[in-house]
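All remarks here apply to the structure that follows.
The values are calculated or read from the model by the stated rules, or taken from the named source; none is laboratory data. Keep in mind that what you see is a predicted model, and the values were worked out from it rather than measured. No Cβ is skipped: glycine too gets one built from the backbone with ideal geometry, and neighbour counts run over all protein chains shown. Note: areas computed on protein heavy atoms with side chains; ligands, DNA, RNA excluded. Shrake-Rupley method; radii C 1.70, N 1.55, O 1.52, S 1.80 Å.
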Amino acid sequence: QVQLVESGGGLVQAGGSLRLSCAASAYIFSTDTMGWYRQAPGKQRELVAETTRGGRIDYADSVKGRCTLYRNNAKTFSLQMNDLKPEDTAVYYCKMGRRVGDVYWGQGTQVTVSS
């Protein structure tokens, strides 16, 4: 079992930046996938960015050019978000997928962008 803990959410004005971080309780292997999803009130959880085992990073069209997913070290990865918009307001969840099929989620961190 792997625990994921997000940090870095908060309130920011439109046009501002935030960096979300996800700390895992276990080593993140090169074959694991790392990702960020978000869920706004009344909406389904949606992809923001996620690595693939082929080495690619998939981004939602709505965040392309504004968000960057990257790995910090053996147990943490981050999502840098720039030029934030009110529609980016949501609870953001980090996700990790093991090659064997196990999937883990964090508890979520709130991001609120004021206009």
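Restricting attention to region 6-17, the residues being assigned to a strand (DSSP E or B) and either open to solvent by 30 Å² or more (accessible area, probe 1.4 Å) or in contact with a His (Cβ under 8 Å, 6 or more places away or on another chain) (or both) number 3. Scan region 19-43 residue by residue and report those that are in contact (Cβ under 8 Å) with a residue 60 or more places away in the chain and either in a loop (DSSP other than H, G, I, E, B) or open to solvent by less than 30 Å² (accessible area, probe 1.4 Å) (or both). Correct list: LEU20, CYS22, ALA24, ILE28, PHE29, THR31, ASP32, THR33, MET34, GLY35, ARG38. Against the conditions (1) more than 12 Å from the chain's Cα centre (by Cα); (2) at pLDDT 95 or above, SER78 satisfies every one except (1). The number of residues in region 89-100 that are free of Cβ contacts under 8 Å to residues at least 40 places away in the same chain and either part of a strand (DSSP E or B) or within 13 Å of the chain's Cα centre (by Cα) (or both) comes to 0. Among the residues making up region 48-83, a single one is touching an Asp or Glu at 6+ places or on another chain (Cβ under 8 Å), in a strand (DSSP E or B) and within 18 Å of VAL113 (Cα to Cα): MET81.
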